[in-house]
Amino acid sequence: MSDLKIAIILGSTRPGRNGKAVADWVLEKASARTGAKYELVDLADYPLPHLDEAMPPAMGQYANEHTKAWAATINQYDGFIFVSPEYNHSTSGVLKNAIDYLHAEWNNKAAAFVSYGS
Ligand SMILES: Cc1cc2nc3c(=O)[nH]c(=O)nc-3n(C[C@H](O)[C@H](O)[C@H](O)COP(=O)(O)O)c2cc1C
């Protein structure tokens, strides 16, 4: 059986963010494990607008090229480690928006959540 592919999704994009160092640390620690390959998916590299799909994502009818590209990215992974800043006692808007774009691509996959704040 081939190795599982796990995405470490970095949910902070602001200039001067601490999140990149956190995600790099998670990637380093995770990569020391066997049985899975880990890759960083930095949302700064996927500039999605505020959700602009007409159909709910559960319908799987993506109209926009940025949605199709994001779906193709996420679809290739077997699981996810979300690395999220704590903004106002919640996750970041960027991460929530990126999650809301898709449905099937997340479904029935393992996920963990790493949250950091001040
Ligand atoms: C908009 C905003 C809201 C924040 N809200 C919280 C909070 O509710 N709790 C907390 O512990 N830290 C909070 N912080 C501090 C951040 O968690 C901390 O600065 C962290 O480094 C942010 O991640 P980033 O540097 O990757 O953006 C907030 C920071 C920002 C910018």
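For region 16-69, give me each residue that is open to solvent by 70 Å² or more (accessible area, probe 1.4 Å) and either touching a residue at least 60 places away in the same chain (Cβ under 8 Å) or of a type in the set (Ser, Thr, Tyr) (or both).
Correct list: Asn18, Thr34, Tyr46.
Taking the conditions exactly as written (open to solvent by less than 60 Å² (accessible area, probe 1.4 Å), at pLDDT 95 or above, basic (Lys, Arg) and not in a loop (DSSP other than H, G, I, E, B)), does Lys5 satisfy them or not?
So Lys5 fits the description; yes.
For residues that are within 16 Å of the ligand (Cβ to nearest atom) and at negative phi, tally how many sit in region 7-40.
20
In this structure, does Thr34 turn out to be β-branched (Val, Ile, Thr) and either within 18 Å of Ser118 (Cα to Cα) or part of a loop (DSSP other than H, G, I, E, B) (or both)?
Considered against the rule, which asks whether it is β-branched (Val, Ile, Thr) and either within 18 Å of Ser118 (Cα to Cα) or part of a loop (DSSP other than H, G, I, E, B) (or both), Thr34 comes out as yes.
Considering region 78-110 alone, what residues qualify as being within 10 Å of the chain's Cα centre (by Cα), away from the ligand (no atom under 12 Å from the Cβ) and either open to solvent by 60 Å² or more (accessible area, probe 1.4 Å) or of a type in the set (Ser, Thr, Tyr) (or both)?
Across region 78-110, the qualifying residue is only Lys96.
Hey, any hits in region 41-54 for a residue that's part of a helix (DSSP H, G or I), within 16 Å of the ligand (Cβ to nearest atom) and in contact with a Leu (Cβ under 7 Å, 6 or more places away or on another chain)?
For region 41-54, residues part of a helix (DSSP H, G or I), within 16 Å of the ligand (Cβ to nearest atom) and in contact with a Leu (Cβ under 7 Å, 6 or more places away or on another chain): present.
The values are calculated or read from the model by the stated rules, or taken from the named source; none is laboratory data. What you see is a predicted model; the values in this text were computed from it and never measured. All Cβ positions, glycine included, derive from the backbone under ideal geometry; neighbour counts span all protein chains shown. Ligands, DNA and RNA are stripped out before the accessible areas are found, and what is left, the full protein with its side chains, is counted by its heavy atoms. Shrake-Rupley method; radii C 1.70, N 1.55, O 1.52, S 1.80 Å.
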